[in-house]
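Written out below as structure tokens is the structure these notes cover.
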Amino acid sequence: MEDELFPRERTQVAPGAVHVPDWLDPARQRALLAACRDWARPPAGLRTVRTPGGGTMTARQVCLGWHWYPYAYARTAVDGDGAPVKPFPDRLGELGRRAVTEALGPDAVPAAPYDIALINFYDADARMGMHRDADERADAPVVSLSLGDTCVFRFGNTATRGKPYTDVELRSGDLFVFGGPSRLAYHGVPGVRPGTAPDWLGLSGRLNITLRVSGR
């Protein structure tokens, strides 16, 4: 009820970084969740990502278009079952372009099409350390969509993993876009708030869908 009385507002968190609350309506959220469940099935389905140092990421991941592994891209799930990566759907590319247009303006829409989706699933204990999305050859804005539980999204600067940074509450349906001077900013997820997903969505945990342009 509080949100209905005091709607959350669109916010520029940093130059080129914009948070748009409630960007996806319930119907689009349900449709995206159903698609994510299909994409998570093998082959080349949801996996645990292992780092070069032998550790594991607590958020599990499935990729579309290009398969990301630390710190490169491939056309097969080289650190999973080795199957060809699932194709990148045109509808996600259209969604990415619309997101950039509405968040940053039409001039920020990249000439090359979006062709990568990284879908991360966070359970109650999952986190994501501060990192940069620097494995793409293109500098197109990154589009981030949230489904399910609310998280704290920490958006930092381009020079260091530490301060200054801004903590943003991302709820189900929220959009976050970062490009331009903020394209290589460090960012992460220090925490998820279990049980905060809308009841009508039918999701326990958080899904984050990030769309990128490979430049390949």
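Cβ-Cβ distance below 8 Å, separation of 6 or more or different chains: which pairs start in segment 104-116 with a residue that is touching a residue at least 60 places away in the same chain (Cβ under 8 Å) and on the phi > 0 side of the Ramachandran plot and end on one that is outside any loop (DSSP other than H, G, I, E, B) and open to solvent by 80 Å² or more (accessible area, probe 1.4 Å)?
none
Kindly indicate whether ASP125 is open to solvent by 70 Å² or more (accessible area, probe 1.4 Å) and either without any contact (Cβ under 8 Å) to a residue 24 or more places away in the chain or aromatic (Phe, Trp, Tyr) (or both). Let's see the steps before the verdict.
Values: open to solvent by 70 Å² or more (accessible area, probe 1.4 Å): yes; either without any contact (Cβ under 8 Å) to a residue 24 or more places away in the chain or aromatic (Phe, Trp, Tyr) (or both): no.
Judged against the criteria, ASP125 is not a match.
Go through segment 181-216 and give me each residue that's closer than 26 Å to ASP107 by Cα, open to solvent by 60 Å² or more (accessible area, probe 1.4 Å) and not aliphatic (A, V, I, L, M).
PRO181, ARG216
Which of the residues that make up segment 161-216 are without any contact (Cβ under 8 Å) to a residue 40 or more places away in the chain and closer than 15 Å to LEU147 by Cα?
Answer for segment 161-216, where residues must be without any contact (Cβ under 8 Å) to a residue 40 or more places away in the chain and closer than 15 Å to LEU147 by Cα: GLU169, ASP199.
Please tell me if PRO43 is over 16 Å from the mean Cα position of the chain (by Cα), exposed (fewer than 13 other Cβ atoms within 10 Å of the Cβ) and not in a helix (DSSP H, G or I).
no
Give me the pairs: first residue in segment 71-82 and free of Cβ contacts under 8 Å to residues at least 12 places away in the same chain and in a loop (DSSP other than H, G, I, E, B), second residue of a type in the set (S, T, N, Q) and surrounded by 14 or more Cβ atoms within 10 Å (Cβ to Cβ), beta-carbon distance under 7 Å, and six or more apart or on different chains, which are they?
GLY82/THR76
Output the residues belonging to segment 59-86 that are among the β-branched types (Val, Ile, Thr) and either in contact with a Cys (Cβ under 6 Å, 6 or more places away or on another chain) or at pLDDT below 95 (or both).
The answer is VAL85, and nothing else.
Please indicate, with yes or no, whether at least one residue in segment 49-61 is in contact with a strand residue (DSSP E or B) (Cβ under 9 Å, 6 or more places away or on another chain), small (Gly, Ala, Ser), under 18 Å from LEU211 (Cα atoms) and part of a strand (DSSP E or B). Spell out the reasoning first.
Kept after step one, since they are in contact with a strand residue (DSSP E or B) (Cβ under 9 Å, 6 or more places away or on another chain), are these residues of segment 49-61: 49-50, 56-61.
In the following step, the residues that additionally are small (Gly, Ala, Ser) were identified as 59.
Of the ones still in play, those that are also under 18 Å from LEU211 (Cα atoms) are 59.
Keeping just the survivors that are part of a strand (DSSP E or B) gives none.
Checked against the condition, which is being in contact with a strand residue (DSSP E or B) (Cβ under 9 Å, 6 or more places away or on another chain), small (Gly, Ala, Ser), under 18 Å from LEU211 (Cα atoms) and part of a strand (DSSP E or B), segment 49-61 yields no hits at all.
Assuming ASP3 fulfils every condition listed in (1) farther than 23 Å from GLY180 by Cα; (2) at pLDDT 95 or above; (3) open to solvent by 60 Å² or more (accessible area, probe 1.4 Å); (4) of a type outside the set (Val, Ile, Thr) apart from one, which condition is it?
Single failed check for ASP3: (2).
Take segment 110-133 and flag every residue that is farther than 18 Å from ALA14 by Cα and in a loop (DSSP other than H, G, I, E, B).
Residues satisfying the conditions are PRO110, ALA111, ALA112, PRO113, TYR114, ASP115, ASP123, ALA124, ASP125, ALA126, ARG127.
Answer yes or no: is there a residue in segment 87-103 that is touching a Ser or Thr at 6+ places or on another chain (Cβ under 7 Å), modelled with pLDDT of 95 or more and not in a loop (DSSP other than H, G, I, E, B).
no
Within segment 95-102, is there a residue that is open to solvent by 10 Å² or more (accessible area, probe 1.4 Å), touching a residue at least 60 places away in the same chain (Cβ under 8 Å) and out of contact with any Phe, Trp or Tyr (no Cβ under 8 Å at 6 or more places or on another chain)? First the steps, then the outcome.
At the first step, the residues of segment 95-102 found to be open to solvent by 10 Å² or more (accessible area, probe 1.4 Å) are 95, 97-98, 101-102.
From the residues that got through so far, the ones that are touching a residue at least 60 places away in the same chain (Cβ under 8 Å) too are 95, 102.
Those left that are additionally out of contact with any Phe, Trp or Tyr (no Cβ under 8 Å at 6 or more places or on another chain): 95.
Yes - at least one qualifying residue is present in segment 95-102.
Given the options ARG154, ARG137, name the one that is part of a strand (DSSP E or B), open to solvent by 50 Å² or more (accessible area, probe 1.4 Å) and at pLDDT 95 or above.
Within the list ARG154, ARG137, the selection yields ARG154.
The values are calculated or read from the model by the stated rules, or taken from the named source; none is laboratory data. Only a predicted model underlies this, so the values are computations on that prediction, with no experimental measurement involved. Every residue, glycine as well, gets a Cβ built from its backbone with ideal geometry; the counts of neighbours run over all protein chains shown. SASA here: full protein model, heavy atoms, side chains in, ligands and nucleic acids out. Shrake-Rupley method; radii C 1.70, N 1.55, O 1.52, S 1.80 Å.
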